Amino acid sequence: MQRPVTETGVVQLCRYDLVLIDELGYLPMNRQNNHNLFQLIHALYKYRSVILTTNKDFSRWGDYFVDENIAVPIVDRLIHHAQVFMLGGDSYRLKQKMSGGSVVEVGQNLWPILGQI
């Protein structure tokens, strides 16, 4: 069973200028996970930078979260004042494996874009 995020835990994460949440949506979330994520995003909102990676389109977040009513305010806070990068295409790992090569270049170099944020 997941424990609730304590106020101390949220305060500790809010000390950082940037919080990275990687691969949201790959593992199922229960109600407590949803609540914890909302508390974290709410605390970071307007005060800290957040990078979030996911394979879920915003329109499908209601399916992913146990309660659609919590998905809406999370997405709202995440996209307000945000730069959203929608990256698509095939998996570079699959391309690499199928081609037998060691490195496969995929997409555009994002560092010049990210440096402007």
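Annotations for the structure displayed:
- Test for residue 20: is it under 14 Å from the mean Cα position of the chain (by Cα), surrounded by fewer than 17 Cβ atoms within 10 Å (Cβ to Cβ) and in a loop (DSSP other than H, G, I, E, B): no
- Count - residues of region 3-56 that are at pLDDT below 90 and aromatic (Phe, Trp, Tyr): 1
- Residue check for residue 84: loosely packed, with under 10 Cβ neighbours inside 10 Å and modelled with pLDDT under 90: yes
- Any chance residue 31 is without any contact (Cβ under 8 Å) to a residue 12 or more places away in the chain and over 27 Å from residue 86 (Cβ atoms): no
- Which numbered condition residue 39 fails, given (1) in contact (Cβ under 8 Å) with a residue 12 or more places away in the chain; (2) part of a loop (DSSP other than H, G, I, E, B): (2)
- The set of residues in region 49-89 being over 16 Å from residue 27 (Cα atoms), among the polar types (S, T, N, Q) and touching a strand residue (DSSP E or B) at 6+ places or on another chain (Cβ under 7 Å) consists of 49 alone.
- Residues of region 66-79 that are in contact with a Lys or Arg (Cβ under 9 Å, 6 or more places away or on another chain) and modelled with pLDDT under 90: 66, 67, 70.
- Residues of region 51-77 classified as among the β-branched types (Val, Ile, Thr), surrounded by fewer than 16 Cβ atoms within 10 Å (Cβ to Cβ) and within 11 Å of the chain's Cα centre (by Cα), total: 3
The values are calculated or read from the model by the stated rules, or taken from the named source; none is laboratory data. Here the structure is a predicted model, which is why all the values come from computation and not from measurement. Glycine gets a Cβ as well: all are built from the backbone with ideal geometry, and neighbour counts include every protein chain shown.
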